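I have placed the structure first, in the form of structure tokens, so that the comments after it can refer back to it.
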Amino acid sequence: MVGKILIVDDVATNRIVLKAKLAMACYQPMLAADGRSCLRLAREALPDLIVLNVRLPDLPGIEVVQALRADPLTADIPVLMLADTGDAATRLAALRAGADDVLVRPVEDVILMARLRNLSRTREAMAELGQRGATLQALGLAEAQAAFEFPGAIALVADRAETTMRWRKDLAAGLGDRVILMSREEALADPVPGQAADIFVVDGTLGGSGGGLRLMSDLRSRSATRHAAVVLIQPQPNPAEIAMAFDMGANDVQPAGLPGAELALRLRRLMRRKQTADRLRASVQDGLRLAVIDPLTGLYNRRYALPRLAAIAERARRAHGSFAVMVIDLDRFKSVNDHWGHAAGDAVLVEVAHRLGDNLRASDLVARIGGEEFLVALPDAAQADARAMAERLCRVMRDQPILLPDGSALSVTVSIGLAMSDGCGPAQDEAVSQVMERADRALLAAKSEGRNQVMVNHSHA
């Protein structure tokens, strides 16, 4: 992992020693001896991470963090502060100012490097999510997500109920989130949809030595809890175990007996980050969904339909089964637009899409692949069943006029070309294209024979 790390310390020896350690780990260290130099370099070089001493000759480190967080250019840069004393007031002030963590000198090298790796990974993951969301927004495929905080769910997990009850009491004054006491089994159970915990605070000795790490691995492997933050509480901190926890993905590792106010502050920061990541993921997922959805009808578009059709064909080939393909075209649709206007034409397309969706199985594929052309694929369908479905679709379009925006009703018919595949073609791409071509030929035959009917192409290329 290569990244630029800005070291800010007024003691030259400290800067040089840390620079050597970071260079050996293939980071690109930069040096600053005071707060103002830090702020200038942070804006100019935009480092990936800042290691900042609490005490500086010109500005208090706390003020430097506040200035970094207030500047949009540097607000998202992780800041790891180093303190000469471990008093709670200093840690609280640093965390309130926006520091990601505070470590007390002397810091074990294994812990320092693991924490740097951990913070770098977190920032890279957030930056990647943000970049994907921004790209989709630029393409008009996603909207910016509103940034606001709301109460989340925090699960406290330990073997002893006394432990989790004590944690809850310590956190009561500093959190507005829902706090849940859980056993290990409850933490791993499938949560009620929408009720999964955002953060797990886990006793590191849960179920014996290393139990907290094992639970964290289990949580990361489950879809419902994969993105939850995990804080390990280690009753007897061991440098190697702390480093391992950070490298395995723990969001924080703290000793037992940490003041409740500090733990609450750390949890609120993790909650904000978790909610930001959730919003970014939702934006990306919405954008990806919109990329394959026809905006007018809400059906899948050609970009989605063709790969999905190939997957249906592959499944049929593996199972030695069959599938059906219909190409559906609205009859004389141009005259609808010419006579009634494009608003009426859009209303017709939307209603046709609704009727197709209402009359097909959940496993069937329906997509809009052209102006007034739709594709339907029926997995695991025999020809007689596919023909009956095509006739049904023809009938539901013909029998019920479509209500237009001006209140008038318009009778609409469709022509359908149907082709079957036995799913046993030697080349899957060729098999799909051949079935599509046969369905197209059947559609042309339906049009030439008078429209408002189903034609089946029985030939195999």
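The values are calculated or read from the model by the stated rules, or taken from the named source; none is laboratory data. Keep in mind that what you see is a predicted model, and the values were worked out from it rather than measured. Virtual Cβ from ideal backbone geometry, glycine too; neighbours counted across all protein chains shown.
Filter the stretch 388-422 down to the residues that are in a loop (DSSP other than H, G, I, E, B) and more than 23 Å from LYS334 (Cα to Cα) and list them by number.
Scanning the stretch 388-422 gives a single hit, ASP422.
Here is a check on your reading of the model: is ASP198 closer than 22 Å to MET271 by Cβ, touching a residue at least 60 places away in the same chain (Cβ under 8 Å) and of a type outside the set (A, V, I, L, M)?
So ASP198 fits the description; yes.
Is it the case that the stretch 305-327 has a residue that's surrounded by 20 or more Cβ atoms within 10 Å (Cβ to Cβ), under 30 Å from SER408 (Cβ atoms) and not acidic (Asp, Glu)?
Yes - at least one qualifying residue is present in the stretch 305-327.
I'm told PRO255 meets every condition in (1) in contact with a Pro (Cβ under 6 Å, 6 or more places away or on another chain); (2) buried (at least 19 other Cβ atoms within 10 Å of the Cβ) except one. Can you identify the failing condition by its number?
Exception for PRO255: condition (2).
Could you please let me know if VAL350 is of a type in the set (Val, Ile, Thr) and either in a strand (DSSP E or B) or in contact with a helix residue (DSSP H, G or I) (Cβ under 6 Å, 6 or more places away or on another chain) (or both)?
no
Before we move on, is SER322 touching a residue at least 60 places away in the same chain (Cβ under 8 Å), assigned by TED's automatic domain parsing to the domain that holds MET436 and touching a helix residue (DSSP H, G or I) at 6+ places or on another chain (Cβ under 7 Å)?
Yes.
Which one is nearest to ILE233 (Cα to Cα), of the residues in the stretch 177-199 that are touching a helix residue (DSSP H, G or I) at 6+ places or on another chain (Cβ under 6 Å) and among the hydrophobic types (A, V, I, L, M, F, W, C)?
Checked the stretch 177-199; the qualifying residue nearest to ILE233 (Cα to Cα) is ILE199.
Under 9 Å between Cβ atoms, which residue pairs at least 6 apart in sequence (or on different chains) link something in the stretch 166-180 that is among the acidic types (Asp, Glu) with a partner that is in a loop (DSSP other than H, G, I, E, B)?
Hits for this filter: ASP170/LEU258; ASP170/PRO259; ASP177/PRO151; ASP177/GLY152; ASP177/ASP198.
Does PHE333 satisfy being at pLDDT below 95, crowded, with 22+ Cβ neighbours inside 10 Å and in the same structural domain as PRO379 (by TED's automatic domain parsing)?
Against the criterion (at pLDDT below 95, crowded, with 22+ Cβ neighbours inside 10 Å and in the same structural domain as PRO379 (by TED's automatic domain parsing)), PHE333 does not qualify.
Restricting to the stretch 147-165, give me the number of residues that are surrounded by 15 or more Cβ atoms within 10 Å (Cβ to Cβ) and not hydrophobic (A, V, I, L, M, F, W, C).
4
Just name the residue that is nearest to the chain's Cα centre (by Cα) out of those in the stretch 1-35 that are surrounded by fewer than 20 Cβ atoms within 10 Å (Cβ to Cβ) and of a type in the set (Asp, Glu).
Filtering first and then ranking leaves ASP34.
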